[in-house]
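Data first, discussion second: the structure below is written as structure tokens.
Every number in this text was worked out from the coordinates using simple rules, so none of it is lab data. Given the structure is predicted, the values throughout are model-derived calculations rather than measurements. Neighbour counts are summed over all protein chains in view; Cβ atoms, including those assigned to glycine, are modelled from backbone coordinates with ideal geometry.
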């Protein structure tokens, strides 16, 4: 089957442009049609991808800027295949949500264009096989979100978008300098090439790797966000429109996690090994801090925001365990969290509609009384969030902890505390909203058909992954194990060097 990745890459942006040019009454439907076509295309990729052969498939490689050695290079691998499908699912759900809760400004065409550009940038970052192309898409992701927040954001949107841009701009500029330096140094005075495959064959010296790795790591940790680089998150989460927040919390953080496996570990393995424990400290701190904050805040949005910090801490921990099981669990958990967190963001909006417009847990309560089907959907998603045995989240966290126990047992014991804390904040979230006393402005009613069209398909994906987590694990294993090869070799060389020093002494 002939599959052109440029089609799946640019289709969302083209659909958004068409939605802008046509009369506004068609904009939401054109946006939804574009999202559905991308979803159909990614399902085709899932079916057609040769898992036995593995490696890069459907490769597009054209010289873009010859004098700089920059390629327009795209490919699908086991590492990004499921993440591309997850992206398509969440953006489709967000497009459906506009039929439930249309943005207030009356500019549906502009909204559709910006969301289309955002999806194109995200999928471009996942598929890019050129380092500069990856950096361009990684940075472009933020541009449509700037306008989405400024136009449709909450009352404090100016402060929120300013913090978001200051934080991410610092990381992005450092990453851009690091990318350029990587290509120049790897060329050794010849024609530079930024193809990831070429850069992996010509590793940099240990000193150069160190600061470049830290530049990329900082950009990724800010984007997730991880503690203590999360300062933009409370205002950002509080002021984003629901459909925008769903894709932001579900997908953009996964691009950062993917960047560690696709960029940082294969290109800078010596530095990754050198700073392994530092990154793991950040991961464990994120797990504990995010879990504690999720248990204390009153805002339903921020419960999910801080829980995402904790869950992303587990993902980073699995990656930097440098163990195949940990990395596989990290990719599975990235997929799980994207679907569950995206669905729960829509649940927050549904709760708000039943609590007089408030998103505070203290203003909710008793909503389950008149909405048993909604309560059933919510409780299953809550069990998935807390990684109840029988859910794919449990499998992901178990594999992460197993890999970490093998590599760094102390970090695994500390991280295990986060598993228990997740039960506290997830159950508190559900019980405070659905049970307890009835809030003063609560008007409980059952989940509507339109709400169900958004949330129930996401719930079905959660259940499907619980029944068959191998759907995400099998294609990912080839990619994660290849990403860890360079770090395993670097660890071996570090061990040999350390042993040689001891013998010399």
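Values as computed for the structure displayed
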item	result
Tilt relative to the chain, helix 206-223 - C-alpha long axis, 0 to 90 degrees, to 10	0 degrees
Highest-first arrangement of 286-298, 38-50, where packing means the average Cβ count within 10 Å	286-298, 38-50
Peptide ranges 30-36, 480-486, 127-133 listed from the most packed, as the mean C-beta count within 10 angstrom indicates	127-133, 30-36, 480-486
At 1.306 mPa s and 10 °C, Stokes diffusion of the range 279-389 via Kirkwood alpha-carbon radius, µm² per second	106 µm²/s
The range 68-128-the range 255-334 distance, computed between alpha-carbon centres (Å)	23 Å
The range 358-435 - Rg (one decimal) and Dmax (whole number), Cα, Å	15.5, 49
Computed log₁₀ I(q)/I(0) - Debye formula, equal Cα scatterers, no solvent, the range 144-246, q 0.20, 0.24 Å⁻¹	-0.92, -1.16
Kirkwood Rh, angstrom, the range 23-105 [1 / mean 1/r, Cα pairs]	15.1 Å
Crossing angle, helix 449-467 versus the chain [Cα axis fit, 0-90 degrees, rounded to tens]	40 degrees
For the range 81-148, alpha-carbon Rg relative to the globular expectation (2.2 N^0.38 Å, N residues)	1.20
Pairwise centroid distance, computed over Cα atoms, of the range 409-447 with the range 13-54, Å	35 Å
Volume in Å³ per residue [convex hull over Cα atoms, computed for the range 1-156]	123 Å³
Inter-probe distance in nm under a simple model that places probes 7 Å from Cα toward Cβ, at residue 65 and residue 40	3.7 nm
C-alpha long axis of helix 108-127 to longest principal axis of the chain, angle in °	30 degrees
Burial ranking of peptide ranges 398-408, 66-76, 109-119 (average Cβ count within 10 Å, highest at the top)	109-119, 398-408, 66-76
Förster-model FRET efficiency, 51 Å R0, residue 187 and residue 449, C-beta, rounded to 0.05	0.30
Residues of the range 426-450 with amide N under 14 Å of the 7 Å Cα→Cβ point at residue 388	426-431
Estimated distance in nm for a label pair at residue 440 and residue 48, the labels positioned 7 Å out from Cα along Cα-to-Cβ	5.9 nm
Potential extension, residue 200-residue 24 segment - 0.36 nm per residue separation minus Cα distance	58.6 nm
Mean separation of Cα contacts under 8 Å, 6 or more apart, over the residue count of the range 5-494: relative contact order %	17 percent
